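Here's the structure we're looking at; comments come further down.
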Amino acid sequence: MKMNSKTLRILVAAAIIIVVAIGFVTNLGIGTMSAPGVWDISILCPLGALGTMLASKTMVPRAVISLVIVVLLIIVFARAFCGWMCPVPLVQRLRGLFSKKQAKAARTSDADGNGAAGPDADAQPEAPAKPLTAAEREALSASCGTSGAQCSSCAKRRGAALDARHFVLGGALVSTFAFGFPVFCLVCPIGLTFATVLLVINLFAHGDVTWSLIVVPALLAVEVLAFRKWCHKLCPLSAFMSLVAKANRTFVPTIDNAKCLETSKSAACGLCGRACDEGIDPRHPQLSEASWSECTKCRACVDACPANAITMPLLPKKRLGKPESPAASVDSETEAAKP
Amino acid sequence: MKNDETHTDSPDAPAERAEGKTRIGMTRRTLCLGVGGAAVMLGLGGLKYAGSQSIIRPPGGQDEERLVSACIRCEKCYEICPRDVIAPAHIESGVLNMRTPTFDFSSNWCDWCTEENGGQPLCVKACPTEALKLPDGATAEGTIIGKAVINTDWCLAYKLIGCRFCYDACPYDAMQLDENDRPAVLTDRCNGCGACESVCVSLQNGSISEGATARAIVVHPLDEAEG
């Protein structure tokens, strides 16, 4: 039995924190997520690289190189950083520790909300094998291209148009340029997470007592625990990645129509769409809450599929004019997003 | 101004407006959140004028304006320092300085990685954003990190105990002893390397130097030491 990718993701994020902590107590220069690397080689956080150049109004060769590498990585892996490496989702799990029952209830209602992609998803959430009615089938096959008028879901779809995150990104960059220091770095929850780890290490290792020990974790808690939707609604790094990830064509969840219950047996399933934390419905991308550029490559849909019909191939498979293949919809989506 | 740009850039979609959305195709709530977030970012920029204490910086960080503008608080310099004298500054030094590099000379001092890297500071080499950057031909002697200042109330030698650890430790002959063997700093020769501070034992002898909150010889930032 393969390890659940959710567990795997938690382990990867935790392992990164441990490796960074090892970096703190050794002199290997492993760096934090702001500049991971070894010795004097490091790759900069894209926002840090942009920020440092905007603030100091100078070209920093290492920052430019980092930026190019990061952009290429995002094109290949989309927002995989968010799904696999970022410590923030891990920090957000702490909330579940404190209020187990409430959090669980909230999570299931969340999942329902996110998963309510098609009209059938709400009506029959627990009946995966029930056949679709003709009306439902028609509703599911509706897409922006065929329905004539512009449908509302396109405008709402996260990642297809600008949203709050992009305002934060823009505000951070303008502020950085105007005031001359990387403003977002001051409050970046990723940086604050590792800062907290370091403060705790230094508290025990050197008896380093400071108000930072309270201020840093408190700021982190306000950001990612109070704003539950930090990643989706506010994080400028997520905004940057989703902008670049519009060019992503690799590792896109692809459904084998011969295996998928909905296409092969005309059953109402929708489990993949409900499994997606980002609100993407791989089966009906045109009904998704988020566009493909939001995909964190978390493999939740792959795990959720009862028929094992979903794979994430390196390159998009060539489909013979199938309208619902994800790769095709990515194309139409990016075109729709262009002004 | 950024927000206005997005307004004009976005395609005008009448169908969306009909559904109670704003002109740029997002719900009012999203717009408020976005504008609020952007405003917070701009407000945070104002922290620059909140008043930060001046603190001593690792080699290459003497241009404070440059360091603050380029440092992304990645802690790389802290990690790479072979003598573990670089420490991230705390909030007590000012909000803007929080997590930027400063020195902690409590157990060691900075000799520009003479043994470890032939006199080229590893922190400067490792800094990915060039926040720490030495001018061409910079030397340890000529780069003033700060100036050592003796607190004569706390210094054991000023109680005529004959302690001269700092005098012996100074690698730049920047200290002298008076006729009673009390040390004094020759400020024109001191570069703030921290060797004196790292060996000062005044705090371990609290019964003698009562009320001391720091070592009797401490490297202060240039403006503080002169002022």
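Using a 10 Å cut-off on Cβ to Cβ distances, tally the other chain neighbours for every residue of A:15-23 and report the average as a whole number.
On the way: counts 0, 0, 0, 0, 0, 2, 0, 1, 5.
The shielding value for this peptide is 1.
Hey, can you grab everything whose amide H is under 5 Å from the amide H of B:Val149? Only 5+ residues off in sequence or another chain; H modelled, so Pro and N-termini drop out.
B:Val218, B:Val219, B:His220
Could you work out, residue by residue across A:299-310, how many beta carbons of other chains sit within 10 Å of that residue's beta carbon, and then give the average as an integer?
What the average comes to for A:299-310 is 0.
Once the piece of chain linking A:Ala218 and A:Val38 is laid out straight, how much longer is it, given 0.36 nm per residue of separation minus the C-alpha distance between them? Mind dumping the intermediate values first?
On the way: separation 180, 0.36 × 180 = 64.80 nm, distance 3.03 nm.
Extra length from A:Ala218 to A:Val38 when fully extended: 61.8 nm.
For chain B, which longest stretch is free of loop sites, where a loop site is one of the trypsin sites (Lys or Arg not before Pro) that DSSP puts outside H, G, I, E and B and that has at most 16 other Cβ atoms within 10 Å? Don't skip to the end; give the middle numbers.
Details: sites that count: B:Arg23, B:Arg164, B:Arg189.
The segment B:24-163 is the longest one with no such site.
Only Cα pairs under 8 Å and at least 6 apart count here; give the relative contact order of the stretch B:144-227 as a rounded whole percent.
43
Tell me what chain B gives for mean residue ellipticity at 222 nm when only DSSP H runs of n ≥ 4 count, each as -39,500 (n - 2.57), the sum divided by the residue total, rounded to 500 deg cm²/dmol. Mind dumping the intermediate values first?
Details: 10 runs with 67 residues, N = 227.
The per-residue figure over chain B is -7000 deg cm²/dmol.
Modelled label-to-label distance, A:Asn257 and A:Thr26, 7 Å Cα→beta-carbon offset: nm?
Distance between label points: 5.2 nm.
In whole Hz, what ³J(HN,Hα) sequence does the stretch A:292-308 give by Karplus (6.51, -1.76, 1.60; θ = phi - 60°), x for Gly and Pro?
4, 5, 8, 4, 9, 6, 7, 6, 5, 5, 4, 5, 6, 5, x, 9, 6
Label B:Arg28 and B:Gln53 with points 7 Å out from Cα along Cα→Cβ: what is the distance between them in nm?
4.8
Set the Förster distance to 41 Å, then compute FRET efficiency between A:Leu203 and B:Thr152 from the Cβ-Cβ distance, nearest 0.05.
Numbers: r = 32 Å, r/R0 = 0.79.
The value I calculate is 0.80.
What is the calculated FRET efficiency for B:Glu141 to A:Ala15, with r their C-beta to C-beta distance and R₀ = 30 Å, to the nearest 0.05?
Values: r = 44 Å, r/R0 = 1.48.
For B:Glu141 and A:Ala15, the calculated efficiency is 0.10.
Out of residues 5 or more away from B:Gly61 or on other chains, whose amide H comes under 5 Å of its own, with H placed 1.01 Å from N in the peptide plane?
Hits under the 5 Å cutoff: B:Lys133.
With an 8 Å Cα cut-off and a minimum separation of 6 or more residues, compute the relative contact order for chain B in percent.
Working: 366 pairs, mean separation 41.1, N = 227.
Once normalised by length, the contact order is 18 percent.
Using θ = phi - 60° and the Karplus curve 6.51 cos²θ - 1.76 cosθ + 1.60, what whole-Hz ³J(HN,Hα) does each residue of the stretch B:108-119 get, with Gly and Pro shown as x?
Values, residue by residue: 7, 9, 9, 10, 6, 6, 4, 6, 7, 9, x, x Hz.
Taking the Cα of B:Asp173, stepping 7 Å toward and past its beta carbon, and measuring to each backbone N in the stretch B:119-152: which are under 16 Å?
From the stretch B:119-152, the list is B:141-142.
Beyond a 26 Å Cα-Cα separation, which of these cross-linked pairs lie in this structure: A:Lys229/A:Lys317; A:Lys233/B:Lys125; A:Lys57/B:Lys48? Before the final figure, lay out each step's value.
Details: A:Lys229/A:Lys317 33 Å; A:Lys233/B:Lys125 37 Å; A:Lys57/B:Lys48 17 Å.
Long pairs (Cα-Cα over 26 Å): A:Lys229/A:Lys317; A:Lys233/B:Lys125.
Tell me, in nm to one decimal, what length is gained between B:Val201 and B:Leu222 on full extension, where the rule is 0.36 nm per residue of separation less the Cα-Cα distance?
On the way: separation 21, 0.36 × 21 = 7.56 nm, distance 2.36 nm.
In short, 5.2 nm is gained.
Along the Cα-to-Cβ line of A:Met312, 7 Å from the Cα, sits a label point; which residues in the stretch A:250-281 have backbone N less than 15 Å from it?
A:250-255, A:272-273, A:275-281
Assigning unit charges at the beta carbon (Lys, Arg +1; Asp, Glu -1) and nothing else, what dipole magnitude in debye, to the nearest 20, does the stretch B:144-227 show about its Cα centre?
Working: 6 positive and 12 negative charges, 43 e Å.
Charge dipole, the stretch B:144-227, about its Cα centre: 200 debye, nearest 20.
Bear in mind that the values in this text are calculations on the coordinates, not laboratory data. Worth saying up front: this structure is predicted, and the values here are computed from it rather than measured. Positions of Cβ are backbone-derived with ideal geometry, glycine not excepted, and every protein chain shown enters the neighbour counts.
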